[in-house]
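The values are calculated or read from the model by the stated rules, or taken from the named source; none is laboratory data. Quick caveat: nothing in here was measured; it's all calculated off a predicted structure. Neighbour counts are summed over all protein chains in view; Cβ atoms, including those assigned to glycine, are modelled from backbone coordinates with ideal geometry.
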């Protein structure tokens, strides 16, 4: 009896997590899948008609926004790596006693809500605000130039909002690197650049991988930055889904788009994991 | 290893089966999707207060459709219900309204008219400026409305076409006019029996206004007179339009010489084409809800579609340069209305609040601040009298302001002639118009 219980114990440990997963993930997924196959409207009610034809339809309708969202998310990921890596490197290797304070400074924006931070950017980038207004007064910008309602504003907003998600995993990975390894590399006649490229960078790959996922996946589905800082030419797939859900109340189309987005993200992430060699990373 | 492969295959097949069965089960839920599954939802759809006639109480589980689909109540059906006895005041009421729609004390940040109401009746008003866009707001409250749950507001102030839609869906309770004596006595004839709610069964007007164009002459460099000025390439990237489909499409239809109430499919298609060309050329900075106000006041926009009262307030408080104009091609008359959803927590207080606004003590200070077209009779005359009093008391600035409000907030005969009504869209039409509009807005 007790031997059987002992064999079941690992599975019993899974129960709380499994229940949580079922309740908060599986059930909503199934409901959403069901909705996507329904037809109808608010006034006549929705009926399950197994309407699989909705998937090609929504993909065709929202293809530009899909491509645009993927493009923006890729740019944001690259930019956050470009900005975040030096920050994480400096804090990990040169931080010394100020490490905690520097980390706190990186996380500080998170003390305010996402929307408020984005609205703050709307003020910062305002046509005649203190950034653009000053540049215009100095004659560096034409008076009719605007940054808001351009892709630049949306990408900047996304970068700012997700930068800490890149810095923190990178910091964790870099922190784990034994400085003696770099010392050993330089002892073996490696230049500082070579030491970085062949020791530090490969060892920080788990952090890069985690950070890119944490930045790419939320950015692709984001709609707040596009709504507050963008224009009709920067609408992302998140905006389309939001509009379909809340304004036109076209629940089947919105749910179908949600699933397509999820599938697209899964495919892209799987590809990325393949390229980066995630098998070794997650075991490392 | 072989054992595991078999197990994996079984797991895969099993999860597909579960998904399919789950879809089927979830698809059997009687009400609209977001309100959840099965009997729990329809059991919760109980009517409250005087709304014994609304169909939400008669929804049966297993029926495919929203509670409203089992037959929208006609005016005669619900008017035949005997008036329920007035419930007693509970001391609080929650009101969801648009921004820039109430007077504010600049120093304390309080609302003088609401404070006067509290002093008079003892009812605390929780005032929430939560409505930015009709469809957006509707999207938020719809699941609760469909399930018959309280939506978190006792009184809400949707616009005319949204009231029409909510009536069609059966989400509103008919008003007990015996509890609204001031409305009956003081409402202007123009506002009685509107197109979206014949007989004022479900709604009473809050304020009206005109959808027109607001512009900043220092930024446009010239006077703006008509809708096509919004499409002038000279202003590319600095023009605002409304995200509210019915406003933007109707104004565009007028610019094509089409009366919105008689618009056909071809007319709407033409309006769509006109707007799409401009949108693709980058003419519009963005499609706004009420947040166009901040963009216009800050100077991000040179000209934009606007609501008349907002501009009066902007001239007085935020940016004195801005002008409002009813386009030569035609403006739109909109009426925002106070309505009661089916499930209201503080019913007597809600009625007290709604009726309070039809007294001159409340309506006059309100108009003198927000500058919208009041549905209450006698307000304009009172504002003019107040202007005269201020002039006699040697406050010329205040007198000028009040004169301007008396002039601009109440359209004269000529202006009213150039102001048109919206079309009462059927569900099919609304979907078609929305699809066309989404293409313009969504890029």
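Here is a list: A:157, A:139, A:95, A:133. Which entry is under 30 Å from residue B:235 (Cα atoms) and touching a helix residue (DSSP H, G or I) at 6+ places or on another chain (Cβ under 8 Å)? Residue meeting the stated conditions: A:157. Criterion applied to B:335, B:339 was being within 23 Å of the chain's Cα centre (by Cα), within 25 Å of residue B:130 (Cα to Cα) and modelled with pLDDT of 95 or more, and the one residue passing it is B:339.
Among the residues of segment A:220-241, just one is more than 30 Å from residue B:166 (Cα to Cα), part of a loop (DSSP other than H, G, I, E, B) and more than 10 Å from chain B (Cβ to nearest Cβ), namely A:222. When residue B:433 is tested against (1) surrounded by fewer than 18 Cβ atoms within 10 Å (Cβ to Cβ); (2) within 14 Å of another protein chain (Cβ to nearest Cβ), only condition (1) is not met. For segment A:41-53, the candidate set comprises residues that are in contact with a strand residue (DSSP E or B) (Cβ under 8 Å, 6 or more places away or on another chain) and in contact (Cβ under 8 Å) with a residue 12 or more places away in the chain; within that set, the residue that is nearest to the other protein chains (Cβ to nearest Cβ) is A:48. Would you be able to say whether some residue in segment A:152-162 is touching a residue at least 60 places away in the same chain (Cβ under 8 Å), out of contact with any strand residue (DSSP E or B) (no Cβ under 7 Å at 6 or more places or on another chain) and surrounded by fewer than 19 Cβ atoms within 10 Å (Cβ to Cβ)? Within segment A:152-162, not a single residue is touching a residue at least 60 places away in the same chain (Cβ under 8 Å), out of contact with any strand residue (DSSP E or B) (no Cβ under 7 Å at 6 or more places or on another chain) and surrounded by fewer than 19 Cβ atoms within 10 Å (Cβ to Cβ).
Only one entry in B:236, B:270 is over 25 Å from the mean Cα position of the chain (by Cα) and within 12 Å of chain A (Cβ to nearest Cβ), namely B:236. Residues being crowded, with 16+ Cβ neighbours inside 10 Å, touching a residue at least 60 places away in the same chain (Cβ under 8 Å) and within 30 Å of residue A:54 (Cβ to Cβ) are entirely absent from segment A:192-215.
Here is a yes/no grid of residues against (1) at pLDDT 90 or above; (2) surrounded by fewer than 19 Cβ atoms within 10 Å (Cβ to Cβ); (3) closer than 30 Å to residue A:150 by Cβ:
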site: A:8; (1), (2), (3): no, yes, no
site: A:12; (1), (2), (3): no, yes, no
site: A:17; (1), (2), (3): yes, yes, no
site: A:26; (1), (2), (3): no, yes, no
site: A:48; (1), (2), (3): no, no, no
site: A:55; (1), (2), (3): yes, yes, no
site: A:66; (1), (2), (3): yes, no, yes
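Screening residue A:244 on (1) crowded, with 24+ Cβ neighbours inside 10 Å; (2) in contact (Cβ under 8 Å) with a residue 40 or more places away in the chain; (3) within 10 Å of chain B (Cβ to nearest Cβ) shows it passes everything except condition (2). The residue list B:193, B:130, B:160 contains one member that is free of Cβ contacts under 8 Å to residues at least 60 places away in the same chain and over 18 Å from residue B:355 (Cα atoms), which is B:130.
Within segment A:12-31, the only residue that satisfies the criterion of being more than 9 Å from chain B (Cβ to nearest Cβ) and within 25 Å of residue B:135 (Cβ to Cβ) is A:28. The condition (being at negative phi and touching a helix residue (DSSP H, G or I) at 6+ places or on another chain (Cβ under 8 Å)) is satisfied by just one residue among B:270, B:278, B:298, B:236: B:278. All conditions in (1) over 21 Å from the mean Cα position of the chain (by Cα); (2) crowded, with 19+ Cβ neighbours inside 10 Å; (3) in a loop (DSSP other than H, G, I, E, B) hold for residue B:364, with the sole exception of (3). Among the residues making up segment B:261-294, a single one is assigned to a helix (DSSP H, G or I) and in contact with a strand residue (DSSP E or B) (Cβ under 6 Å, 6 or more places away or on another chain): B:292. Selection of segment B:322-345 for residues being farther than 16 Å from residue B:249 by Cβ and outside any loop (DSSP other than H, G, I, E, B) yields B:323, B:324, B:325, B:335, B:336, B:337, B:338, B:339, B:341.
Quick one: which helices (runs of 4 or more DSSP H) sit completely within segment A:112-219 and have at least 1 residues that are at pLDDT 90 or above and away from chain B (no Cβ under 14 Å)?
A:114-124, A:151-176, A:179-187
The residue that is farthest from residue B:243 (Cα to Cα), counting only those in segment B:304-321 that are outside any helix (DSSP H, G or I) and away from chain A (no Cβ under 14 Å), is B:320.
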